[in-house]
């Protein structure tokens, strides 16, 4: 009996030593970083945000629009840059064409039978065996085409941005500027965007630009422009998806580290989540 009591006391003593060590190790290793930033493990997600993040931060902070939301919308609408319309047009935000804008016409393109991938690059089409392709007519997208003349609005040189990455980046920037200065303006045709611009500017006047990198405000902004009739996207599932990307890709934290922390994208992207972001309200 005495032997058992001795053993039991030794186990309790060691347990008291081990628990704090395990707890410390948990936080040193980043805690639940893999769960919290689960989208960061995907290479195509990282590749897309590597290109769009600097643009979204620069344009968003200059034109008073939350950069994290810009990135999340672009990621959702373009399939992280993999959607065929976004690849062809550079229109990662899926902005509809206004009257004066050229738009992507209807296209007759093949789709791989085994993967359902739509192929628009003529060189890749020629490299595939005809029996592996299924051709079909794709409807007019009604999305603004950011390719330069003489290709914009035509079915010619659909892979222009694929082989001209610098021009692709320029197109992304113009796309972001259209959203932040044309769509989010006091005289835009959609009332929810006019009200959103008014609300953002009033918030910044009262609280300063830091509000643009505040997580709770980013989520609030998503609700201002979506989820009901007469907004950017009326489906109730759309704001849920945008918020999911903001959260699981750690986009507020990413913009904070790049803009305020002056970190490069690679360092900010690979950072664990245990940091206490003082300017971010959870």
- Sorted on mean Cβ neighbours within 10 Å (highest first), peptides 231-243, 172-184, 102-114, 129-141 come out as 172-184, 231-243, 102-114, 129-141
- Average projected area of the Cα convex hull of region 71-126, in nm²? 4.8 nm²
- Task: Could you work out the per residue convex hull volume over the alpha carbons of region 135-282, in cubic angstrom?
- Result: 176 Å³
- Query: Please report, for the Cα atoms of region 61-175, the Rg to one decimal and the Dmax as a whole number; what are they, in angstrom?
  - Reply: 14.8, 51
- Task: Give me the orientation-averaged projected area of the Cα convex hull of region 155-240, in nm², one decimal.
- Result: 7.8 nm²
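When the Kirkwood hydrodynamic radius is evaluated over all pairs of different C-alpha atoms of region 185-226, what value in angstrom, to one decimal, is obtained?
Numbers: mean 1/r = 0.0948 Å⁻¹.
About 10.5 Å, per the Kirkwood formula over Cα pairs.
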- For q = 0.15 Å⁻¹, Debye-computed log10 I/I(0) when each Cα of region 111-188 counts as one equal scatterer: -0.70
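Sort 256-266, 91-101 for me by packing, meaning the mean count of neighbouring Cβ atoms within 10 Å per residue, highest on top.
Numbers: 256-266: 16.0, 91-101: 17.9.
Ranking the peptides 256-266, 91-101 by packing returns 91-101, 256-266.
Values quoted throughout were computed directly from the atomic coordinates according to the rules given, and no laboratory measurement underlies them. Quantities reported herein were computed from a predicted structural model and do not represent experimental measurements. Counting neighbours? That spans all protein chains shown, and the Cβs are built from the backbone with ideal geometry, glycine included.
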